[in-house]
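Have a look at the structure below, then the notes.
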Amino acid sequence: MPTHPGPYNLQTQRPVFKPNNLAQVLDVTQSFYQDLDQKFDSFADHILVQQFSFGEAWPTWEIHPKGDEMVYLLEGDTDLVLWIDGAEQVVRVNEPGGYVIVPCNTWHTARPHTQTTMLFITPGEGTLNADHPE
């Protein structure tokens, strides 16, 4: 069955693109991320689109071992910090419309300079979080 065209709100409903490139829209719940693993075969070959607002540094680093992630600035000013060759590489994103491609298998975090809202297009399979890059 085709997905209803919407409209939707990324804060309460997020599209998941399946391996056949068809979208399924899911309500954001307390168990949203656990449900992704259960409903979508550990999220294998799926892409998640989501929007987040944040004004504080992320408490953890994350890594996506199954593909590149696109991070698009809607508003604000932030440093995306990538862990490359054992060191931090800081990429400042401070103009709406600017974006960063986080390479596959690269630890990353964010440290905003002001309240920031970003759009994330993420290959979610195997995503890990840690206090510091490994």
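Readers should treat all values here as calculations from the given coordinates under stated rules, not as data from a laboratory. Predicted, not measured: the structure shown is a model, and the values here were computed from it. Every residue, glycine as well, gets a Cβ built from its backbone with ideal geometry; the counts of neighbours run over all protein chains shown.
The table below gives the values:
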read-out	value
Added length on full extension, which subtracts the Cα-Cα distance from 0.36 nm per residue, Phe54 to His132	26.1 nm
Approximate spin-label separation Ile84-Thr29, in nm, with each point projected 7 Å along Cα-to-Cβ	4.0 nm
Kirkwood-based shape ratio for the chain, expressed as Rg/Rh from alpha carbons	0.96
Neighbour-count ranking [beta-carbon atoms within 10 angstrom, fewest first] of Ser53, Ser31	Ser31, Ser53
Mean separation of Cα contacts under 8 Å, 6 or more apart, over the residue count of segment 28-114: relative contact order %	34 percent
Long-range amide H partners of Val28 with built H, under 5 Å	Gln13, Arg14
Within the chain, helix-based [θ] at 222 nm, where runs of 4 or more DSSP H residues each add -39,500 (n - 2.57), nearest 500	-1500 deg cm²/dmol
Relative exposure of Glu95, Glu75, judged by other C-beta atoms within 10 Å (fewest first)	Glu95, Glu75
